[in-house]
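Note sheet for the following structure.
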Amino acid sequence: MNFLEERIVKDGVVKEGNVLKVDSFLNHQMDIKLLDQMGAEFKRRFADKPINKILTIEASGIGIACIAAQHFNVPVVFAKKSQSINLDGDMYVAEVESFTHKCINHVIVAQKFLSPEDHVLIIDDFLANGCALQGLIQIVQSSGATVEGIGIAIEKGFQSGGRIIRNLGFQLESLAIVDGMNAETGEIQFRDQSRPETENAGEEKEEICRSATLD
Ligand code: 5GP
């Protein structure tokens, strides 16, 4: 087990409805030493990429992205979520369905913070169905910038987001991939990422996100 998997086993709580709570160390109270280790690991995995900006989404991605940014020495832009359609100014907007809140958010980035010269690493805390990520990817692509890679703290491998995003051809690096979890026993099963991927490869036809650029 790697350092993040060990911490998930120690302090993560499996909830009904395929939700893993990690709020004691990752997305409510934050263990900054752990976040720093995660940042170093993202830097190692994307060492060959010319990343000049990190993009994340409020709120839980911000802490992870900011600490990672110190390892890349680049600024962080976070996409804002709004349920309002009262938007003005020059903005990139995508519509994203929230896994945890079961509602539709508008995800917004001011156009002045993303341009065609940018080489972007997208970072987020969780990957479930991939809706949040697809919204962020659309925003980067609307701006003409390049998605150099995607760094995720915890991927829930039994949901389809990881497969969809990898099949789109992006370098997606998840520090922990949970392949199964049991709310009754609290057991968590991790994917062995040292083994070459075979059974997870294949065509992904599923389309489960309601996500489209509006501008
Ligand atoms: P997706 O858009 O991939 O379906 O869901 C990703 C977003 O939902 C993440 O930004 C994260 O905030 C939230 N999320 C998804 N699954 C979980 C989970 O099991 N636990 C927590 N704490 N957040 C989750």
Which of the following residues is among the basic types (K, R), within 21 Å of Q134 (Cβ to Cβ) and touching a strand residue (DSSP E or B) at 6+ places or on another chain (Cβ under 9 Å): K15, K21, K102, K81? K81
Taking V109 as the residue in question, decide whether it is at pLDDT 95 or above and touching a Phe, Trp or Tyr at 6+ places or on another chain (Cβ under 6 Å). yes
Those residues of the stretch 21-61 which are within 16 Å of the chain's Cα centre (by Cα), surrounded by fewer than 17 Cβ atoms within 10 Å (Cβ to Cβ) and closer than 20 Å to Q193 by Cα amount to R45
Going through the stretch 96-139 in order, the residues found to be touching a residue at least 60 places away in the same chain (Cβ under 8 Å), touching a helix residue (DSSP H, G or I) at 6+ places or on another chain (Cβ under 6 Å) and away from the ligand (no atom under 12 Å from the Cβ) are L114, V120
Starting from residues that are free of Cβ contacts under 8 Å to residues at least 40 places away in the same chain and farther than 24 Å from M91 by Cβ, keep the ones in the stretch 64-80 and report whichever is surrounded by the most Cβ atoms within 10 Å (Cβ to Cβ). I67
When A79 is evaluated against the numbered criteria (1) modelled with pLDDT of 95 or more; (2) more than 12 Å from the ligand (Cβ to nearest atom); (3) not charged (D, E, K, R); (4) not in a loop (DSSP other than H, G, I, E, B), which criterion, by number, is the only one it fails? (2)
Over the stretch 29-58, the set of residues in a loop (DSSP other than H, G, I, E, B) and without any contact (Cβ under 8 Å) to a residue 12 or more places away in the chain is Q29, A47, D48
Inspect the stretch 93-104 for any residue being surrounded by 16 or more Cβ atoms within 10 Å (Cβ to Cβ), closer than 25 Å to Q29 by Cβ and of a type in the set (S, T, Y) and give the result as yes or no. no
Hey, does the stretch 87-95 have a residue that's assigned to a strand (DSSP E or B), of a type in the set (V, I, T), away from the ligand (no atom under 16 Å from the Cβ) and at pLDDT below 95? yes
Of all residues being among the β-branched types (V, I, T) and away from the ligand (no atom under 11 Å from the Cβ) in the stretch 151-185, which is farthest from I62 (Cα to Cα)? Just the residue, please. T185
Kindly list the number of the only condition in (1) in contact with a Lys or Arg (Cβ under 6 Å, 6 or more places away or on another chain); (2) part of a strand (DSSP E or B) that fails for H71. (2)
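Table: residues versus (1) of a type in the set (A, V, I, L, M); (2) within 15 Å of the ligand (Cβ to nearest atom); (3) closer than 19 Å to L172 by Cα.
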{"site": "R7", "(1), (2), (3)": "no, yes, no"}
{"site": "L20", "(1), (2), (3)": "yes, yes, no"}
{"site": "N27", "(1), (2), (3)": "no, yes, no"}
{"site": "G39", "(1), (2), (3)": "no, no, yes"}
So which residues in the stretch 110-142 are farther than 30 Å from V178 by Cα and buried (at least 19 other Cβ atoms within 10 Å of the Cβ), if there are any at all? L114, D118
List every residue pair whose Cβ atoms lie under 9 Å apart, where the two residues are 6 or more positions apart in sequence or sit on different chains, the first residue falls within the stretch 151-174 and is at positive phi, and the second residue, located anywhere, is polar (S, T, N, Q) and crowded, with 17+ Cβ neighbours inside 10 Å. none
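The values are calculated or read from the model by the stated rules, or taken from the named source; none is laboratory data. Please read all numbers here as calculations on a predicted model, not as lab measurements. Neighbour counts run over all protein chains shown; Cβ positions are idealised from the backbone, glycine included.
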